[in-house]
Amino acid sequence: MNTFFVVIAIIVSITVLILIYRFFFQDTDEFREAWRYTLTPDWLSFLWGEHVEDHVASNKLFLYHLCGIGSGVGVYILLDKLFGG
């Protein structure tokens, strides 16, 4: 595992997360609300009548992080195949 490839992959991952932030979230309050729904157990959201909002916010946060992590992993694999031993 080449440390340089890992550093480049992390930089790309963070850059992608910064660039797509506004696509997923309108402001920081919506981002915080998505984390709140993600950390709240589903049965509590169901009792509070926020079951649909919980799932939408949780899925949005999951896809946001999946895009960032996926881009970093993809860059690492590409660099390893192109320049690795």
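Each value in this text was obtained by applying a stated rule to the coordinates, not by laboratory testing. Because the structure is a prediction, the values reported are computed rather than measured. With ideal geometry, Cβ positions are generated from the backbone for all residues, glycine too; neighbour counts draw on all protein chains shown.
Quick rundown of the values:
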| item | result |
| --- | --- |
| Given charges at beta-carbon only (K, R positive; D, E negative), |dipole| of the chain in Debye | 420 |
| Unit charges at the beta carbon, dipole of the stretch 3-83: most positive-side option, Ile8, Phe23, Val52 | Ile8 |
| For Asn2, distant residues with modelled amide H under 5 Å away | none |
| The chain - convex hull of alpha carbons, volume per residue in Å³ | 102 |
| Inter-label distance, nm, simple model (7 Å from Cα along the C-beta direction), Phe83/Phe23 | 2.5 |
| Those residues of the stretch 37-79 whose amide nitrogen sits under 18 Å from the label point placed on Asn2, 7 Å along Cα→Cβ | 72-79 |
